[in-house]
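Quick notes on the structure that follows.
The values are calculated or read from the model by the stated rules, or taken from the named source; none is laboratory data. Just so we're clear, the structure is a prediction, and the values are computed from it rather than from any experiment. Here the Cβ positions follow ideal geometry from the backbone for every residue, glycine too, while neighbour counts run over all protein chains shown. For accessibility, only protein heavy atoms count, side chains too; no ligands or nucleic acids. Shrake-Rupley method; radii C 1.70, N 1.55, O 1.52, S 1.80 Å.
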Amino acid sequence: MASPQFISPYILRSEFACSCCGQLPFDYDENNPLPAFAALFIAFAGIRTAWGRPIPINSGYRCPAHNAAVKGGPLSAHLFGLALDLAVTSPDELIALKNTIISTRPLLRVGWKRYLAAGRNLVHIDTAYLVRPRPTAAFIEGMRW
Ligand SMILES: [Zn+2]
């Protein structure tokens with residue numbers, strides 16, 4: 001059982017909760033998380049182990065108001081609580097982390113190209129491909145953007 005401070009190994013509750021209001025996804029039950037949540041947390045733990053040092057999480061769940069405020073997509077995986085934006089310190093580190101993610105967790109959806117182009121040191125991962133029924137054909141395994 002995770003301590004109150006941690007929502008899973010390596011993920012602080014404060015990192016996963018919406019940064020504007022502190023809410024968690026409405027259907028998140030920490031004593032029995034749905035498979036898509038569990039898959040995200042297990043994937044992150046695997047990435048963290050492969051990376052070998054802490055990976056700060058810039059954004060996890062976003063409530064609808066916060067997602068709109070940051071111009072997130074209308075079907076952003078963050079709205080489902082199934083996405084994590086991982087913070088790195090440089091473009092070189094961004095490339096290295098996305099390579100680690102793709103080699104260790106190939107099913108994850110991984111967003112990095114737009115962040116690299118915009119000079120933002122973030123790598124997005126999500127397990128939205130596990131949502132059933134899928135609200136968009138973009139929720140497919142291994143999608144890269
Ligand atoms: Zn919020």
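With the structure loaded, tell me whether LEU86 is away from the ligand (no atom under 16 Å from the Cβ), in a strand (DSSP E or B), open to solvent by less than 70 Å² (accessible area, probe 1.4 Å) and not β-branched (Val, Ile, Thr) or whether it fails that test. When the stated conditions are applied, LEU86 passes them. Please specify each residue of segment 1-44 satisfying the condition of being among the hydroxyl-bearing types (Ser, Thr, Tyr) and either outside any loop (DSSP other than H, G, I, E, B) or surrounded by 12 or more Cβ atoms within 10 Å (Cβ to Cβ) (or both). Within segment 1-44, SER8, TYR10, SER14, SER19, TYR28 qualify.
Based on this model, can you work out whether TYR129 counts as over 22 Å from SER8 (Cβ atoms) and either more than 16 Å from the ligand (Cβ to nearest atom) or free of Cβ contacts under 8 Å to residues at least 40 places away in the same chain (or both)? It is false that TYR129 is over 22 Å from SER8 (Cβ atoms) and either more than 16 Å from the ligand (Cβ to nearest atom) or free of Cβ contacts under 8 Å to residues at least 40 places away in the same chain (or both).
I'm trying to understand the selection: among the residues of segment 120-132, which are open to solvent by 60 Å² or more (accessible area, probe 1.4 Å), more than 13 Å from ASP85 (Cα to Cα) and modelled with pLDDT of 95 or more? If the condition is that a residue be open to solvent by 60 Å² or more (accessible area, probe 1.4 Å), more than 13 Å from ASP85 (Cα to Cα) and modelled with pLDDT of 95 or more, then LEU130 is the only one that fits.
Sub-7 Å Cβ pairs linking a first residue in segment 97-111 that is touching a residue at least 24 places away in the same chain (Cβ under 8 Å) and farther than 18 Å from PRO56 by Cβ to a second residue that is among the acidic types (Asp, Glu) and open to solvent by 20 Å² or more (accessible area, probe 1.4 Å), at least 6 apart or interchain, are LEU107/GLU141, ordered by first then second residue.
Okay, residues lined up against (1) open to solvent by less than 30 Å² (accessible area, probe 1.4 Å); (2) free of Cβ contacts under 8 Å to residues at least 60 places away in the same chain:
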position: ARG53; (1), (2): no, yes
position: ASN58; (1), (2): no, no
position: GLY81; (1), (2): yes, no
position: PRO91; (1), (2): no, yes
